[in-house]
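Participant: Quick one: structure below, then a few questions.
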Amino acid sequence: MPHATHPPSPGLQALILCGPGLSLNTFTSTPSTLPKCLLPVANRPMLWYPLDWCHRMGIYDITLITPADAAPPLEAALRSHPVLTSLSGPRPEVLAPKGLEMTSGTAELLRLGEVQRAIKGDFVVLSCDFVSEIDGSRVMQQWMSLNPALAAASFSRRKGGLAVYYPTHGREGISSKKDETDFVATVPFSRPNVMPPTGSLRQGVEEVVMVMPTDTLNDTLDENKQALPIRQTLLAKHGNVKIRTKHRDAHVYFLPLWVKDFAARNEKFDSISEDVLGWWAKAGWQQGLAEKLGLDEVLAGKRSTDDEAANGGSVDEHEEVDATALSSTRSAPAPGRQPPQAFATRVGNSTVPPPRPKLAVPPLLAYMQPASPTQPLIRRIDTAPQLASLSLHIARLPPSDTSPLAHEHKIHPSATIGQQTRISQEDCLIAENVTIGTRCNIKESVVGANCEIGSNVRLTKCVLMDGVVVGDGVQMVGCIVGKRARVEGSSAVGVKAGEAEVDGAAMKGKGKAKQKASAQSGGEDDDKTKLTECEIAPFFVVEAGTEAKGETMKAFDPEGEVGGDEDEDVDVGDEDNEE
Amino acid sequence: MAPKARKTGEPLEAEETLQAVIIADSYEDRFLPFTLERPRCLLTLANMPLIEYTCEWLASVGVEEVFVCSGNHTDQVETYLNNSRWTKDTSPFSVEVVRSTEPSVGDAMRDLDQKGLMKGDFICIYGDVIANIPFDAALKAHRARREKSKNAIMTMVLREAGDYHRTKDQHHRRCFVIDPETDRCIHYEQVRPRTSPRLNIPEEVLKDHVEIDMREDLIDCGIDIYTLDALAQWSDSFDWKLPRQDFVHGVLQDFETFGRTIHTHIISEGYAARVNTLRAFDAATQDVVSRWAFPYCPDTNILGDQSYQLQKGNVYKEDGVVLARSSTVSHGSVLGKATSIGEGSVITNSVIGRRCVIGRRVEIENAYIWDDARVGDDTVIETAVIANEASVGKKCHVKRGALVSYGVRIANGVTVEENTRITRFKRKRGYDNDEVCQGVTDSKVVGEGGEGFRLELDEDEEDMHEAMLAGTQEMNITTDGDDISDFESGDEEDEYAHSREPTSRSGSFTSIASDESGETKRDHAKFHREASDSIFDGLQREQDPDHIQLELQAQRLTENAEDNQIRRAVAVAFSRRIANLIEGGRTAKEAVATAILPNQRLIKACVKEASEQAEFLLFLQTDSVHRAQGSKVLLHVAFVLAGEDMVDGDGLEMWWEDPRSVATEELKKVRAETKPVVDQMAGESEDDDEDEEEDDDDE
């Protein structure tokens, strides 16, 4: 792997939030066995992506925050999963705070004592479902290089924050109209005196003035007769406000230490993205809001909790030095001095800022990725279609690609492929120990480790997670098949001895499967299993001859979930095998 | 021909002649008192008439035909243009003056449409724009859009500016909501700070566009590229008056129905400013002098007869300037030809026209002194404007924001207070003929031997500030601190003020007499103006009262006016007639008798009930506030009305007790003399005949 040398540490710590994955519940209904962060995305556990991203920018101080339920499998995976163990550097710490429920909001999480204690300096908050081709260090570079300027802009001399937003539209194969979006209003951050080099993200960095999820926006619209009220003070302060409705919060935040206190102080904050950032952004221009949120005291450095002082490891936040003030080529306005007069229009924006309010809130910046197919990919995987489209996107990357997400082997050398089987190399990904029968045709698909695929199987745009068994003659288009699920083929020939180990729980699920298709086709000679755009839950068995389209197949039987506990052993054992 | 072209929708040709329309009439009175005597576009900025800047820019962008729409002082505009280089053979374009007497931009546009002068896309610009922005790209983008869609009917050319700059309009924040992808303006709102705390962005706007920009930092100097379709839109909607509030807003609202789009072209380089307020005048002058608007700066010597040379510290001097050895001219000053500065005078950051005579030990700072003005020894002039041929005596002090109009003479030793407007002329109502007549010199203001009087602006407070030259510093404070909110009022866009211009006097009326607003207010103002004009006309010509009454009735029916409007019109007309007679040399008593006695029927027709009588008196009172000898006139009018049974004791009493009649100090003052009449009438309303006789004797 390309981590021969570690980049110098930027002195940041990362918090990766390993949440429950509600919107992927077909695959994550039992977090104690398969938490969201371990779902495979293009044959790697989801968690690998943020971990690798952090490592690439030199952050090794990583804390995984997870509900207590999901902690054991997470730790087991960190110890034993080949992909995760292949990551260099110290193993991330798993923190399962007591009060953390599956339903806890992210800001609530920040307020928990354990988490508060764990944060010792400026930190990065990531979500485990974050996948990015963009180099984290480039984003971090913006945050770091702009910090002195940010600190200078606010009299409190505190650092600002940086969030990342990516466009959900304009990318073929990945963008979908159903993608979650956020409403974000930004204003241009003051233009640099020297143009940033090409390729720098500086062009995309803007200051956030309003942010809310689209759901909240819709509520607001409903309340206000289908109109969004914009406060005058915003326009009075910022003449050029850009509103984006098709961008999504990547849930990557570079935050200074004081945000911890800010979150701790405001009990009502529920989520980081909507509340912490939303109010912070507003406090920048709404008069009196910052005081109301206690930002004045937070910025003045008063700690809300005393245990912080007792904690010897806490790093004091240093005041940022305004380096530009020391420059001899440009005279920065002396702080506090009133601008003598307004200038002509051509002088531009940078010259005379308005007299500042008493409390200057450090700006919240955001890297707004432009919408263009050539931009590196940033995505969050929180729905099954996204999981599929992203897996397929990674599968399309050639092995030599510069993208950090590319796999070394498109078809792993340990895979066994039968004769006359055609696999389109350029858009497929076949993992270790996969067995594929004869005369198969596999296009645009990802096949996970230890999958067994029979003969005459056709897979198009499918994602098979680990250990999936596919019988002979099965045709699948656009399906996502969960771990160790089984799709039965046309005849008993496809059933191998090895599959006998599939336990009773899965067999129960089978009873619930829709069988009308098989009943119809039973008499015909062509009783192939045909699945189109289906989601198949882990350990589920699809009976032979099933024809289905757009269905989610999962065991509804509560016993099935109880049975999941038994599977755990199998699960871990499976991973042992891989090693 | 133009309508035909529109119907067939001829494809645009690249070589078509580029036409431009200059709206030379500002339809407003922010430059009062200067615009009483001259059109705004001929006011000089850095010693060059404003229209020259506009024409120069039009020439630079390759315009070949220019139409100058003028309503006010058209003769002056015509004369000026005929003598200018724009009508010579060497002129890059042909100039035609289009007379239009209508009171708004909308009417001028409809007029243009009817005349069919426009052949294709054209530029529409105000006659007070100073710009050196590049235009090719805007025109190209506009034409490209037209190729694609016929519905793209207009392009607004806007200059991007910072959030804070000195030409920024503090009162009317224009907020453009733009889709950056297509440059389409999807929403336009005139934001008035603190009157409406929120700007509402409609849902469709948010949902239909991936990205939208809310821009409040754009300088809108009214440079638009119109298509003939856009012109036709003006004609289709006869009530549109203002190019932004009505036209843009209207077209955007009808987008769903007609699909017409308005686009913006944002330019980020070059200079653009509209000189639409005195503060803008101040700011733009500074910009020109400090060379932001290059090549439009004095030493370019754009006019053939100019000979400015730039000297150290942005001081521009023309040939033949006479400077006393001990005088100082420091940074940012412009001195015109044959101007002389006396011993020991200090000129700082000021523009002085040609042939001015500045005395000794004079201090002039940030002032604008136009051609042929004289300033006496030991005078101090702060940020002020001294217009052509005005003269300021010795040892005077002209304070900040004072405006001294054409030909005014200020006697020695007079202090001109802040934000005073001194003029020799005032406007008489009557829109079509727009009489401007000489006012009575007020020696309190200009001193003994001076000439001129103080012009009161009875506009809304907001407009007062709009019309102020030196309010800049205070304004800046108010935009930042939220505490001061005195500057808000009125529903009008800036140009609304113009359309009400002739009724400025009745403007204050409205505020007293009723709580009308917006649309109805304007309708009423229009009716009031027309009705009172025609009554006044009738009175002036001593027509038969029945005849006047008939005419009034006709007007009332067409305008669907209410009774109180009629009373107001009648009251104002009588008041004017009386003032007119007094000016003609009659005493107040004679004037009142001459005006009212033969026309009793007119008053009786509209004043019957006691409440109506009170209202009528209130209108009279309010109008008298502005009149010479107002209190005396009011006394006599009250007396005559009572004597001739037009009002009775109840009416008088009601009026006297009406809180509106004591709303201001001026109102109280003007009615003070009338008190005995009211007391007597109200006290003994039964036997009023005797009282009157007694009163008569007293007189």
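Participant: Can you give me the solvent accessible area of A:D472 with a 1.4 Å probe, rounded to the nearest 10 Å²?
Facilitator: About 40 Å², rounded to the nearest 10.
Participant: Residues with amide H under 5 Å of B:G450's amide H, sequence separation 5 or more or different chain, H placed in the peptide plane at 1.01 Å from N; which?
Facilitator: B:A411
Participant: Also: Separation between the A:S137 and B:T17 pseudo-spin-labels, each 7 Å from Cα along Cα→Cβ, expressed in nm?
Facilitator: 6.6 nm
Participant: Let me confirm one metric for peptide B:211-221, namely the mean number of other chain beta-carbon atoms within 10 Å of its residues' beta-carbons.
Facilitator: Mean partner shielding for this stretch: 5.
Participant: Given a Förster distance of 25 Å, report the FRET efficiency between B:N151 and B:S235 from their Cβ-Cβ distance, rounded to the nearest 0.05.
Facilitator: Using R0 = 25 Å, I get an efficiency of 0.90.
Participant: Also, I was wondering about something else. Using a 1.4 angstrom probe with every protein chain in place, what is the largest-first accessible-area order of A:T460, B:T415? Please list the in-between numbers first.
Facilitator: Values: A:T460 35, B:T415 70 Å².
My answer, sorted largest first, is B:T415, A:T460.
Participant: Distance in nm between label sites at B:E551 and A:T216, each 7 Å beyond Cα in the beta-carbon direction?
Facilitator: 6.6 nm
Participant: As a test of reading the structure, rank A:R111, B:R173, A:R265 by solvent-accessible area (1.4 Å probe, protein chains only), most first. It would help to have the intermediate numbers written out before the result.
Facilitator: On the way: A:R111 50, B:R173 20, A:R265 75 Å².
Descending accessible area places them as A:R265, A:R111, B:R173.
Participant: Anything over 20 Å Cα to Cα? Flag those among A:K246/B:K207; B:K119/B:K150; B:K395/B:K444; B:K444/B:K669; A:K242/B:K241; A:K120/A:K159, in the order listed. Please list the in-between numbers first.
Facilitator: Working: A:K246/B:K207 9 Å; B:K119/B:K150 16 Å; B:K395/B:K444 16 Å; B:K444/B:K669 18 Å; A:K242/B:K241 31 Å; A:K120/A:K159 15 Å.
Among A:K246/B:K207; B:K119/B:K150; B:K395/B:K444; B:K444/B:K669; A:K242/B:K241; A:K120/A:K159, the Cα-Cα distance tops 20 Å for A:K242/B:K241.
Participant: Would you mind checking which residues have amide H under 5 Å from A:F183's amide H? H placed 1.01 Å from N; only 5 or more apart, or other chain.
Facilitator: Amide H neighbours of A:F183, under 5 Å, 5+ apart: A:M212, A:T214.
Participant: I'd like the Karplus ³J(HN,Hα) series for the stretch A:360-368: coefficients 6.51, -1.76, 1.60, θ = phi - 60°, whole numbers in Hz, and an x wherever there's a Gly or Pro.
Facilitator: Karplus values, whole Hz, x for Gly and Pro: 9, 7, x, x, 9, 9, 8, 8, 9.
Participant: Quick check for me: using +1 on Lys/Arg Cβ and -1 on Asp/Glu Cβ, what's the dipole size of the stretch B:108-153 about its Cα centre, in debye to the nearest 20? Don't skip to the answer; put the middle values down first.
Facilitator: Numbers: 9 positive and 6 negative charges, 65 e Å.
So the dipole magnitude of the stretch B:108-153 works out to roughly 320 debye.
Participant: Now a separate question. Using 0.36 nm per residue, how much length does the chain from B:K207 to B:R586 gain when fully extended, once their Cα-Cα distance is taken away?
Facilitator: Gain on stretching B:K207 to B:R586: 129.4 nm.
Participant: Here is a further query. Starting from the residue with the highest accessible area, list A:E533, A:E432 in decreasing order, probe 1.4 Å. Provide the component values of the computation, followed by the final result.
Facilitator: On the way: A:E533 110, A:E432 65 Å².
Reading off the accessible areas and sorting them downward yields A:E533, A:E432.
Participant: Sticking with this structure for a sec: Can you compute the FRET efficiency between B:A137 and A:R79 using 1/(1 + (r/R0)^6), with r the Cβ-Cβ distance and R0 = 45 Å? Round to the nearest 0.05.
Facilitator: After rounding, the FRET efficiency stands at 0.10.
Participant: Further question: Quick one: accessible surface of A:M102, probe radius 1.4 Å, all protein chains present, in square angstrom to the nearest 10.
Facilitator: Surface accessible to solvent at A:M102 totals approximately 50 Å².
Participant: Taking each residue of B:277-290 in turn, how many C-beta atoms of other protein chains fall within 10 Å of its C-beta, and what is the average? Don't skip to the answer; put the middle values down first.
Facilitator: Working: counts 0, 0, 0, 0, 0, 0, 4, 2, 0, 4, 5, 1, 0, 2.
For peptide B:277-290, the averaged partner shielding equals 1.
Participant: How high is the FRET efficiency from A:E408 to A:T198, r the C-beta distance, R0 25 Å, rounded to 0.05?
Facilitator: With a Förster radius of 25 Å, E is 0.25.
Participant: Here is a further query. Hey, how many Å between the Cα centroid of the stretch B:234-258 and the Cα centroid of the stretch B:597-614?
Facilitator: Distance between centres, Cα-based: 43 Å.
Participant: Where does the charge balance sit around A:K177 when Lys and Arg score +1, Asp and Glu -1, over other residues with C-beta under 15 Å from its C-beta?
Facilitator: Counting the neighbours of A:K177, the net charge comes to +1.
Participant: Next question, about the same structure. Tell me the accessible surface of B:H265 in square angstrom (1.4 angstrom probe, heavy atoms of protein chains only), to the nearest ten.
Facilitator: Roll a 1.4 Å probe over it and B:H265 shows about 30 Å².
Participant: Considering amide H positions built from the backbone, and no H for Pro or chain starts, which residues 5 or more places from A:E547, or on another chain, come under 5 Å of its amide H?
Facilitator: Those lying under 5 Å, H to H, from A:E547 are A:A517, A:S518, A:K530.
The values are calculated or read from the model by the stated rules, or taken from the named source; none is laboratory data. Owing to the predicted nature of the structure, the values given are computational and were not obtained by experimental measurement. Cβ coordinates were reconstructed from backbone atoms using ideal geometry, including for glycine residues, and neighbour counts include every protein chain displayed. Surface accessibility is based on the protein's heavy atoms, side chains included, excluding ligands, DNA and RNA. Shrake-Rupley method; radii C 1.70, N 1.55, O 1.52, S 1.80 Å.
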